[in-house]
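Some notes on the structure that comes next.
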C-alpha cells in the first residue's frame with residue numbers, strides 16, 4: 001500500500017482492460033505567475049494498479065526520495081518509472097516487462113476472459129503545460145498494451161482500446177480538430193502509441209500540432225532516464241578500454257574515468273572535489289591508469305606519491321564515487337537513450353537510484369544529497385532515489401520525500 005485512495009476498491013480486477021476508472025482527473029494547476037519548465041520533466045508517477053501499489057499518486061520534485069521499510073514498494077515504484085521510460089523510448093512491451101506477471105496486483109482476480117493486468121501512468125510538465133499519460137497493460141493470458149490515454153488541459157489527445165483480442169493491434173483515435181474531430185487508425189499492441197504518434201500524425205491542423213507537441217514533451221521527459229545501482233563487487237577489477245558509456249551497475253567505472261578525465265577538465269575537477277568529501281584520507285586526483293593489455297584501472301591519488309587502487313576501497317566509498325560521477329556527467333557518458341533529435345538544452349536527465357543509502361555513512365549520503373540538489377537546481381539533472389529512512393533529509397530545500405508503507 002502507498003498513498004490512501006478515496007475511491008472504492010473493486011471486488012474483481014479486470015481494471016487493466018479499461019482505463020475508465022482513471023478518467024481524466026483535474027490537471028495540476030501551476031500557482032499564479034509560475035512558468036512551466038523549458039525542460040520537460042515528470043512531476044507525478046501514478047501506480048493505479050501495479051504490484052503492491054493501488055491508486056498511488058507519487059509527487060516528484062527535482063530531487064525525490066522514496067522512503068519506507070523493506071516491502072514498502074520503493075524498488076517497485078522505481079521499476080515502474082523505468083518501464084515508462086523504456087516504453088517512451090519505443091521499447092517493446094515484452095522487453096520492458098519480461099516478468100509481467102509479477103507486476104499484476106497480487107489479489108487481482110481475472111475477468112470473464114481470464115485476463116489480468118496492471119496500470120501505470122505519469123504527468124509531465126513542460127512548455128505545453130501538464131500532460132498526462134495513462135497506460136493499461138494486459139499481462140495474462142498474453143502480454144499486450146490494451147489501453148492508453150494522453151491528455152492535456154482536460155482534452156483527450158490520444159486514446160487507444162483493444163477491440164478485437166484476436167488481432168495484434170489496438171484501435172487508436174487522436175485529436176485532429178480539422179474537418180474531422182478525430183483520426184482513427186490501428187496501432188500495434190506491443191508499443192506505446194504516444195511514442196509512435198510522430199510517425200502517424202501529419203501536423204497539418206492546430207489539433208494535430210497540439211497532439212504532436214504533447215507527445216514530444218512526454219517522450220522527451222521519459223527517454224532521458226538512467227537507472228543505476230552501483231555494484232562495488234564489480235567495480236574493483238580492471239576493465240577493457242573502449243567499453244562505452246557507464247553501465248547501470250557502474251562495472252566499467254574505470255574506463256569511463258579514463259574518458260572523462262581527458263575530455264572535460266572542469267567536470268573532472270568537480271568530481272575530484274566531490275570524492276574528496278566522501279572518501280577517507282587525502283584525495284588530490286581520481287585517475288585511470290592503462291595496462292599494456294588494453295585494460296584500465298582506477299586509482300585515488302593521495303598527493304604524496306602514493307596511489308590507492310579502487311579495489312582497496314570500501315563498498316561505501318565505491319558507491320559514493322560512482323554516484324558522484326553519475327550526478328556530474330550526462331547522457332553522453334551514461335548508458336541512456338536520450339532524444340538525440342532534441343537539443344540538450346531542452347532535456348533534463350533523470351537519475352533513478354535504488355538503495356541510494358546502501359553502504360553509505362551519514363556524511364557520504366549528505367554530501368551526495370547536496371550534490372544532487374545543486375545539480376538539480378541548474379535544471380540539468382533530476383534525481384529519484386529509494387532510501388530506508390529519510391528523516392535525515394526532511395526539510396532540505398529542493399528535496400521531496402515520499403513516504404511509502406507496506
The range 256-285 - residue that is in contact with a strand residue (DSSP E or B) (Cβ under 6 Å, 6 or more places away or on another chain) and within 15 Å of residue 308 (Cβ to Cβ) and, of those, surrounded by the most Cβ atoms within 10 Å (Cβ to Cβ): 257
Residue 253 being surrounded by 22 or more Cβ atoms within 10 Å (Cβ to Cβ), in contact with a helix residue (DSSP H, G or I) (Cβ under 9 Å, 6 or more places away or on another chain) and under 22 Å from residue 373 (Cα atoms): no
Hey, residue 299 surrounded by 22 or more Cβ atoms within 10 Å (Cβ to Cβ) and either part of a helix (DSSP H, G or I) or free of Cβ contacts under 8 Å to residues at least 24 places away in the same chain (or both) or not: no
Per-region count, the range 358-375, residues in contact with a strand residue (DSSP E or B) (Cβ under 6 Å, 6 or more places away or on another chain) and modelled with pLDDT of 95 or more: 2
Criterion: assigned to a helix (DSSP H, G or I) and touching a residue at least 12 places away in the same chain (Cβ under 8 Å) - qualifying residue of 251, 255, 304, 357: 255
Verdict on residue 104 being closer than 14 Å to residue 191 by Cα and in contact (Cβ under 8 Å) with a residue 12 or more places away in the chain: no
Matching residues in the range 234-245 - criterion: being surrounded by fewer than 16 Cβ atoms within 10 Å (Cβ to Cβ) and either farther than 24 Å from residue 352 by Cβ or without any contact (Cβ under 8 Å) to a residue 12 or more places away in the chain (or both): 237, 240, 242
Selection count where residues are under 16 Å from residue 251 (Cα atoms) and not in a helix (DSSP H, G or I), scope the range 307-326: 3
So residue 77, is it assigned to a helix (DSSP H, G or I) and touching a strand residue (DSSP E or B) at 6+ places or on another chain (Cβ under 8 Å): yes
Pairs where the first residue, in the range 174-185, is free of Cβ contacts under 8 Å to residues at least 40 places away in the same chain and assigned by TED's automatic domain parsing to the domain that holds residue 149 and the second is crowded, with 18+ Cβ neighbours inside 10 Å and part of a loop (DSSP other than H, G, I, E, B), C-beta under 6 Å, 6+ apart: 182/176; 183/176
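The values are calculated or read from the model by the stated rules, or taken from the named source; none is laboratory data. Note that the coordinates shown come from a computational prediction; the quantities given were computed from them, not determined experimentally. Methodologically, a virtual Cβ is constructed for each residue, glycine included, from the backbone with ideal geometry; neighbour enumeration extends over all protein chains shown.
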